Structure formats: C-alpha cells, structure tokens
Amino acid sequence: MFSDIPVDVSPMHEGERIRAANMFVELAGPKSIGAELVQVDESVKDGEYKVIGPELSDMTKGEIYPFCIKIDIKGEKLEKELEGVIERRTHDLCNYVQGFMHLNQRDQIWCRVSTEAIDSGFKLVDLAKALGILFKEEFPIIESISVTILTKKEDVEEFVNKAREIYSARDERARELSDEDVDVFYGCLMCQSFAPTHMCVVTPDRTALCGAINWFDCRASAKMDPDGSIFEIEKGEVLDDVKGEYKNVNEIIAQKTQGETDRVFLHSVFEYPHTSCGCFEAVAFYIPELDGIGIVDRDFSGETPLGIPFSSMAGQCSGGKQVEGFTGLSLEYMRSPKFLQADGAYERIVWLPSEIKESLKEFIPKEIFDKIPTNEEATTISDIKTFLKEKNHPVLERIENTNDGEEGIEATGEIAMEAEPTNQEFVPVASASEMSVPTSGGVKIIFKNAKIYAEKVIIKKK
Ligand code: SF4
C-alpha cells in the first residue's frame, strides 16, 4: 500500500521525536507559520497529491520553512460537521510516517523532517500520499481525497488567514449552546496514545483543550462511529453546577483512565481539575502569593511569573496528570461564560500574555480588563502585586476575605499550620502551590505553598 513511499508508514512511529541534532528542516512552528485544514469539497479529484512551493530537495538543512497541509474530502455520508474531527487526526496520521514529526493542531502545527528520512529519499509529496491512504483507511466514509502541501510563503500566509476564518466560524457556532441546553456531553480518548490516563470531556461550554474539537464536532463524530474514540456521556446527575462536576462524567472518566482519575471539576483549577494530555493551547496556573491565576499559552516564549516558561510548565502537568493548581485549556474555553467560574472567572486572573489578552478583549468583562497585567506591565510576582494594587484588582479583596476565612477554618475541623524549613543544609528540590497527601482515618493533609527540601538528590539513569 505504501510501496512507493521510501520510509515506513505505521502507528509504531507515533512516538518518534526528531531533535535538532538529527533534524533536516523544521516546518511551520513558533518561528514560522503554518496550518492544517480539512474541508468537504464536492469538486475534489481523488488521489491528487501535490506540493506547491519548494520540495525538501530544494530546502537547506537546518532551516525553518512555512508549511500548510490542505486536505479536501468527498463522500456521500460526509457532513461538514465532521471536518474538525477528521482534521484532528492529521496529527496522529502524520506521525505514522517514519522521519516526520508533527505537533499540535490548526494554525499551531510544528513539524520536523529527519536527516535519515532525507537520506532514504523522502519527499513532502510522499507525506501527502501517505495521508491520503491513511485517511481513507481510518474514515471509510471518505470516498475521494486530495492532499496539497504548501511551502511558498505567500501561499502559506493566504491559506493560514483562510484557515483562521474557518476555525473561528467553527468556534462561534459552538458558542450558540450552553451546558444547560444539552443532555449529553462527549468524551474523547484520541490522545490516550501518548497520555494513557487522559480523557477530554467536551461540553458546549468547554471546548476540548486542544482547541480543535467542540461539542458539535463530537456529536457528528459519535454519530458516525459510536464505538470510536469520541463517545457520548449522558449528562445525568449534576453534583455541582458551578464547579462543573457530574456523576456520570466521574464514573466514565474512572472507567476510561483505569481508575487513575475519578473526579473532575470542569470549571476549576483547584481540587480536581480536568486532566491535561499535552495538546492544550494554554495552561492556567495558580499563583499562591497572589491567590490568583495566571494563564500562559503555547506561543508565549518568555518566562511566566512562576519563573518557568510554558514548555516546563506543560511538562509538569501533561501526560494525563491531574495536578491541583494547573489545568490545560483551549483559548476558546477562555471565551466561555463558564470559564473557571468556580474560581472567580476573570476576577481571579492576575496575569496573561499581552497577545492573548488583546485577542479576548470582547470576552473579558470591561470592568476587569484594564486591571489584569500582561507580560508588558509585569513579569515578576512583586511587579504584578504592585500593578494589582494600583488598579485595585478584585483579587485583593479576595485575599483579605481569604485571610479572614482562614482564621475561621479551625472551627470546621481543619487545621492550618505554618511551616518553615530550619535546616539550612537542606536544599530546595521542588515546590508546589498546593498538594495533598493521602492518609487514612478521614484526614486529608494539604500543604499550601509547599517547598520540598532534601539533604541529597540522587539522579539515576534508568
Ligand atoms: S486534546 Fe482532547 S479532544 Fe483534543 S484530540 Fe486530544 S483527547 Fe481529543
């Protein structure tokens, strides 16, 4: 089937990582532009695979090039609503191609080609062919397919703009509904190939954290293939409508994650936040010193106020982990009326990259917009604190109330203790805004602003 493709094509290559040392070229990504788009098109010519712009043989080793994947499909049973879900498979299917690495989705794609693939004679047109065959195999309802790879800067720019309009139209449609209007949510397991304990819960008010799949996309996908990786979850009993906790969601997530996660709050970063695979567009993170929440997106290359960049933070909370104080999310979820509603929504947001803030202008309440600092106004906790005070950010009031509240905590049976490391020979090895230790006898110990000190750190090679 792939006999005229000079590299192997198989799911076994999915985990392949191409590091700078064995990279021939990088395509799209943070230092260039690119996008992928699947569209139903009645005029598609089946089996047409082409590259418009420089082929790999015209590229220079070590350089970065603009790159788009345009996929047109046709089929009697194909609905436009399926475009988003089919498009999301581009990620996995590209990664079946040995020597080709694909990350992210939509206009965030970031790809690399290995030097070994080039040595084998691999070309971008082979990628197009492989995708054509794989998509037809994965989705038998696709009767005709054409794949066009664009690498010419002007074409890529034009295509990215067009793709962004289409992504926005898909996202806007999903805003027509809210969680209360529907009886079913959806689960998505597509990312379990690399995050085995992750299941996305997609609701009208919570677009999937990859930003590429909304409730309508899931509905179309589950209708097409009820036994596929996207499936219905009866909404059932609401345990907490502010936090977004549902009995059925908890049960299904426990089943699908082998019991690793058995409670999820859809609209909070605290206690039981939604798990994160690694495809999220942004991360919400708790800043204990300010009792507020910061957001950092994938495109932000600087350090967050926690002193680490997006990549390090993503590493700490991805892979299907449920980490209190952190949650991966889509930028579209930040437009949702239920965005972190249990935590105070935008009244709790104390830091954002400036580009994200600007793009959310219509969705951040007017009265709070100017009170949220960005990387342009503040980069350290102390600068943020000064900014919040100057602008009278509502989180200040919250800190006061929380302090009052904590004095009263003992009355409810909880004990707050302050701890300071005293042995200066110990060195800090990790810190966490909040972490809990499982105990028996109905007691839960929660460490706030925990810093872990160790006398000795031993790093062992496995
Ligand atoms: S991030 Fe979630 S919704 Fe998106 S593909 Fe992965 S599991 Fe599915």
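The values are calculated or read from the model by the stated rules, or taken from the named source; none is laboratory data. Bear in mind the structure is a predicted one, so any value in this text is a computation, not a measurement. Note that each Cβ is placed from the backbone with ideal geometry, even for glycine, and that neighbours are counted across all protein chains shown.
Quick test for you: out of GLU355, GLU377, pick the one residue that is closer than 19 Å to THR304 by Cβ and not in a loop (DSSP other than H, G, I, E, B).
GLU355
Just to verify a result, which residue in the range 174-195, among those that are within 20 Å of the chain's Cα centre (by Cα) and assigned to a loop (DSSP other than H, G, I, E, B), is nearest to the ligand (Cβ to nearest atom)?
Initial filter on the range 174-195 (within 20 Å of the chain's Cα centre (by Cα)): 174-175, 185-195.
Subset that is assigned to a loop (DSSP other than H, G, I, E, B): 175, 189, 194-195.
Values: ARG175: 17, LEU189: 6, PHE194: 9, ALA195: 8 Å.
Once the filter is applied, the top-ranked residue is LEU189.
Which numbered condition trips up ALA220, out of (1) touching a residue at least 40 places away in the same chain (Cβ under 8 Å); (2) away from the ligand (no atom under 13 Å from the Cβ); (3) touching a strand residue (DSSP E or B) at 6+ places or on another chain (Cβ under 8 Å)?
The one condition ALA220 does not meet is (3).
Working only within the range 146-166, note down all residues that are among the hydrophobic types (A, V, I, L, M, F, W, C) and assigned to a helix (DSSP H, G or I).
Residues satisfying the conditions are VAL156, PHE159, VAL160, ALA163, ILE166.
Yes or no: the range 193-203 includes at least one residue that is touching a Pro at 6+ places or on another chain (Cβ under 9 Å), under 20 Å from HIS102 (Cα atoms) and in the same structural domain as VAL264 (by TED's automatic domain parsing).
yes
I want to confirm something. Restricting to the range 233-286 and keeping residues that are within 20 Å of the chain's Cα centre (by Cα) and part of a strand (DSSP E or B), which single residue is nearest to the ligand (Cβ to nearest atom)?
Taking the candidates together, the pick is SER276.
Return only the number of the condition from (1) under 29 Å from LYS129 (Cβ atoms); (2) more than 10 Å from the ligand (Cβ to nearest atom) that ASP171 does not satisfy.
For ASP171, the exception is condition (1).
Residue by residue through the range 287-306, note down the ones that are among the β-branched types (Val, Ile, Thr) and assigned to a loop (DSSP other than H, G, I, E, B).
Matches in the range 287-306: THR304 only.
Give VAL44, VAL85 a once-over and let me know the one that is β-branched (Val, Ile, Thr) and buried (at least 23 other Cβ atoms within 10 Å of the Cβ). Reasoning before the result, please.
Values: VAL44 fails: buried (at least 23 other Cβ atoms within 10 Å of the Cβ).
The match here is VAL85.
One line per residue, one yes/no per condition, for (1) surrounded by fewer than 15 Cβ atoms within 10 Å (Cβ to Cβ); (2) at pLDDT below 95; (3) in contact with a Lys or Arg (Cβ under 7 Å, 6 or more places away or on another chain):
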{"position": "GLU158", "(1), (2), (3)": "yes, no, no"}
{"position": "ARG164", "(1), (2), (3)": "yes, no, no"}
{"position": "ARG173", "(1), (2), (3)": "yes, yes, no"}
{"position": "LEU177", "(1), (2), (3)": "no, yes, no"}
{"position": "ASP183", "(1), (2), (3)": "yes, no, yes"}
{"position": "GLY187", "(1), (2), (3)": "no, no, yes"}
{"position": "MET199", "(1), (2), (3)": "no, no, yes"}
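I'd like to check which strands (runs of 3 or more DSSP E) are fully inside the range 40-137 and have at least 2 residues that are of a type in the set (Val, Ile, Thr) and assigned by TED's automatic domain parsing to the domain that holds ASP155.
Once the strands (runs of 3 or more DSSP E) in the range 40-137 are filtered for at least 2 residues that are of a type in the set (Val, Ile, Thr) and assigned by TED's automatic domain parsing to the domain that holds ASP155, what remains is 48-52, 67-74.
Of the residues GLU14, GLU26, only one is touching a residue at least 40 places away in the same chain (Cβ under 8 Å) and within 22 Å of LEU134 (Cα to Cα); which?
GLU14
With ALA222, ALA212, ALA169 as the choices, which residue is assigned to a loop (DSSP other than H, G, I, E, B) and not β-branched (Val, Ile, Thr)?
Exactly one residue qualifies, and that residue is ALA212.
Please give the number of the condition SER311 fails out of (1) outside any helix (DSSP H, G or I); (2) surrounded by fewer than 21 Cβ atoms within 10 Å (Cβ to Cβ).
(1)
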